[in-house]
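Each value in this text was obtained by applying a stated rule to the coordinates, not by laboratory testing. Quantities reported herein were computed from a predicted structural model and do not represent experimental measurements. Every residue, glycine as well, gets a Cβ built from its backbone with ideal geometry; the counts of neighbours run over all protein chains shown.
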Amino acid sequence: MADVIGGAPLLHAPGTPATGLTAAEVAERVAAGRTNAVDTRTSRSTLAIVRSNVLTPFNGLLFVLFLVIVATGRWQNGLFGLVIVANTAIGVIQEVRAKRTLDKLAVLNAPHARVVRDGALSEIDVADVVADEVMELRSGDQVAADGVVTTSAGLEVDESLLTGESDPIHKEPGDEVRSGSIVVAGRGRFRATAIGADAYATRLTAEAKKFTKVGSELVGGTNTLLRYISLMMLVVAPLLVWSQFRTPDTHQWQDAVTGTVAALVGMVPEGLVLLTSLAFMLGAVTLARRQTLVQELPAVEGLARVDVVCLDKTGTLTHGDIVFDRLVMPAGADALDDAEVREALVLSASGPDSNATAQALGSVFSGGVWERTGGVPFSSARKWSAVVAGEHGTWVLGAPEMVFPGPAADPLLLQAGEIAEEGRRVLVLASCEAGPVEDCLPEDLEPRALVVLAERVREDAADTLAYFAEQGVSLRVISGDNPRTVGAVATAVGLPGITHAHEAVDARTLPEDPDELGAVLDEKVVFGRVTPQQKRAIVGALQQRGHVVAMTGDGVNDAMALKDADIGVAMGNGAAATRAVAQLVLLDGKFAHLPDVVAEGRRVIANIERAANLFLVKNVYSLLIALVVIFTAAAYPLAPIQLSLISALTIGIPGFVLALAPNRRRYVPGFLRRVLRLAIPVGVLIGAAAYAGDRTIRWLQPAGGLTASQTVATVTVLTASLWALTLFARPFNAWKLALVGGLAGVAAIILAVPALGGGIFLLDVTLERLGVALALGLAAGVLIELVGRVMRRRETA
């Protein structure tokens with residue numbers, strides 16, 4: 001039985017209905033729940049967002065400590081309970097807003113499938129596919145369900161996503177196709193036998209698109225800190241209770257409980273996890289406004305680490321909308337030759353593989369009289385396609401060096417190289433008299449014409465490449481086109497590392513050994529005639545040399561390399577397969593957005609590091625003071641309400657503002673080590689100054705008691721912490737100075753107004769206490785400044 005799709009005869013499995021399901025049969029399957037629908041949300045549900053922001057270990061700890069404070073009757077010291085409300089509210093509101101933005105973008109980018117119903121071909125959402133559906137496949141499609149092939153026109157499928165085998169597999173009627181595989185050539189139809197949860201494809205696509213918090217240096221480092229802090233609190237808490245009941249300043253049980261709670265609250269980094277999640281989410285929303293869909297949030301951080309970007313020529317450096325430029329005939333060709341060439345091009349353009357080249361040719365060559373009796377569809381691995389035109393012989397259209405391997409001797413083929421150096425894409429049309437394509441060996445083919453295609457270079461390509469050069473990100477152009485063509489375009493846009501088209505490397509000469517390949521990649525930047533397997537090998541060789549690689553692409557031949565890269569960036573107008581495996585999708589297909597993407601990643605990771613420093617400084621000095629009071633049996637010199645004041649003015653407010661601020665600092669590995677290296681000495685200095693203030697004022701004012709001690713310790717820590725804030729906020733600019741100045745002003749007002757300082761924050765400010773506290777705080781600040789300068793010199797050394 002024969003059928004026709006796109007003008008190509010199909011092999012058709014006997015007994016298989018070609019008209020597909022009827023509307024009634026579809027409705028019956030939908031009613032029975034036999035659909036491909038699965039949970040493909042790009043983000044968590046609103047309930048899940050609320051639950052994850054409310055039910056955290058540290059919210060639980062703070063809530064228990066809040067209840068303990070309520071039991072003491074000293075309501076002011078329970079102000080830290082508002083931190084739970086504020087942190088949760090900010091997290092929920094921001095994440096819900098981000099969820100709505102990402103969900104809207106995901107709907108626009110959702111995968112679709114072509115189905116045959118009532119004899120008509122239509123396009124529907126993958127989720128609407130039902131059991132026994134007859135589905136059509138074209139080059140670049142990702143198979144959306146498991147099934148059995150019913151018709152095939154040169155159908156070739158790459159199953160490497162499932163099996164790891166990269167060689168395309170030819171599919172005949174009766175063969176099985178598995179969801180998640182990718183069509184690399186030809187067309188065909190199949191009947192869906194396994195859908196929904198039983199199929200691979202929907203799980204694969206859903207996994208690529210749903211909200212995930214995959215491993216990252218920031219998340220891993222933060223979790224490590226939280227584990228150590230939790231363990232320390234388990235050890236310190238009972239010792240604190242014991243020491244606070246032994247101190248002479250404890251007159252009733254409420255005093256001991258308040259001191260213990262204060263120490264534990266100080267050791268809780270209540271906003272660090274929230275701030276990290278918010279920074280990721282807001283980074284994703286910022287990119288969404290620039291038409292970039294972030295499919296996995298930690299990819300925002302990964303962008304900061306990228307130091308090599310691999311990109312294709314088509315769709316990145318050029319617009320990708322190729323147009324027919326001219327036809328070059330060999331010397332001595334007559335009108336009959338011209339007519340035969342044009343008839344052959346009509347068949348090539350109307351074949352089953354409707355790629356960009358076929359569309360460009362179809363706009364010029366149409367209305368022929370020859371009939372297609374067979375052929376081979378285009379494949380990115382072969383770089384050629386073929387048509388059999390009955391008595392008119394076999395015609396092959398493809399890259400000259402792939403159709404005619406070896407040194408070019410024919411004048412027409414020599415001319416092809418010269419045209420390619422102009423930045424044009426050149427194809428050769430060759431013919432032979434034999435019928436089957438396999439009988440046309442290269443030596444039996446005769447070059448009949450050159451087909452010259454033109455691409456428009458993107459106007460923003462040069463500026464985009466210049467940005468990466470300034471940021472220390474190196475570029476590798478890896479394309480399937482002629483090396484001279486790729487080299488000419490790369491030279492025209494000013495790609496660093498190449499000055500002439502002939503410097504581009506023909507990928508057919510590349511070594512297979514990863515070490516040898518890596519050595520070539522260190523020296524060369526432009527590669528042509530790269531196969532899909534070589535793109536993967538190039539990404540792997542760069543990663544093996546310690547690079548963090550981003551890969552951009554829009555074609556099915558890019559899908560595997562995108563999957564292997566640290567960050568895969570797909571074009572929104574590209575193949576469905578590339579969008580399914582990429583972490584980022586440039587929805588409008590503009591390569592010029594990539595600098596924004598990299599800059600956003602660097603901003604996020606640099607600002608989270610700043611905020612982490614602020615949080616850890618507090619944890620360090622709180623732990624230090626706790627250890628001192630345990631060993632000395634002294635009262636903890638800070639009340640919970642006073643720690644809430646310090647946290648708000650020196651950590652919470654500035655940390656949130658700094659996390660959202662612009663920051664162009666390049667990524668430097670070693671987040672956790674670097675944060676601890678600075679936060680520990682700064683925290684120790686602040687803790688030592690606070691304890692010194694406590695001892696000093698008790699010596700100067702023996703009758704002042706715990707109130708005098710808390711007043712001096714609070715002002716000392718405020719002063720030193722604000723100085724530490726200036727260290728972490730550098731380099732300074734007007735708004736940062738205004739931020740620090742405003743926070744210092746708020747602290748001054750609280751100290752100056754008795755109703756605030758004494759009534760709410762339990763402070764009793766006198767000139768002597770203020771003088772001691774400011775002196776110790778400023779002294780600690782000077783030492784903090786010295787520590788900061790030493791650390792900066794070490795980093796720049």
Query raised in the report: Got a sec? Charge dipole of the stretch 483-588, +1 on Cβ for Lys and Arg, -1 for Asp and Glu; which of Leu510, Ile538, Ala492 is way out at the positive end?
Result: Ala492
Report task. Once you have a ≥ b ≥ c as the square roots of the Cα gyration tensor eigenvalues for the stretch 438-551, tell me rounded if a/c is under 1.5, and otherwise prolate or oblate according to whether a/b is larger than b/c. Result -> oblate
Query raised in the report: If you rank Val787, Val148, Val183 by fewest surrounding Cβ atoms within 10 Å, what's the result?
Result: Val148, Val787, Val183
Query raised in the report: Relative to the Cα centre, what is the charge dipole magnitude of the stretch 416-521, using +1 at the beta carbon of each Lys and Arg, -1 at the beta carbon of each Asp and Glu, and rounding to the nearest 20 debye?
Result: 480
Requested in this report: Arrange the following residues from fewest to most other Cβ atoms within 10 Å of their Cβ: Trp242, Trp395.
Outcome: Trp242, Trp395
Report task. Enumerate the calculated ³J(HN,Hα) couplings along the stretch 420-432 in order (Karplus 6.51 cos²θ - 1.76 cosθ + 1.60, θ = phi - 60°), each rounded to whole Hz, writing x wherever the residue is Gly or Pro. Result -> 4, 5, 7, x, 8, 8, 10, 10, 10, 9, 10, 9, 8
**Report entry** Nearest-20 debye value, the stretch 323-454 charge dipole, Cβ charges on Lys, Arg, Asp, Glu
**Finding:** 560
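Work out the length of the dipole vector of the stretch 685-797 about its Cα centre, built from +1 on the beta-carbon of each Lys and Arg and -1 on the beta-carbon of each Asp and Glu, and round it to the nearest 20 debye.
Using Cβ point charges on Lys, Arg, Asp and Glu, the stretch 685-797 gives about 440 debye.
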Report task. Give the residue from Asn355, Met402, Pro442 lying farthest towards the positive end of the charge dipole for the stretch 323-454; charges sit on Cβ (+1 for Lys and Arg, -1 for Asp and Glu) and the dipole is referred to the Cα centre. Result -> Asn355
Report summary line: Over 22 Å (Cα to Cα) among Lys171/Lys535; Lys313/Lys563; Lys313/Lys535; Lys383/Lys590; Lys171/Lys383; Lys313/Lys383 -> Lys171/Lys535; Lys383/Lys590
Report task. Measure off 7 Å from each Cα along the Cα-to-Cβ vector at Glu523 and Thr46, then give the distance between these two points in nanometres to one decimal. Result -> 6.1
Report summary line: For the stretch 685-797, whose charge dipole is built from +1 on Lys and Arg Cβ atoms and -1 on Asp and Glu Cβ atoms, the candidate among Phe728, Val772, Thr714 with its Cα farthest towards the positive end is Phe728
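Please report Glu159, Glu768, Glu418 as a ranked list, fewest other C-beta atoms within 10 angstrom at the top and most at the bottom.
With the fewest neighbours first, Glu159, Glu768, Glu418 line up as Glu418, Glu768, Glu159.
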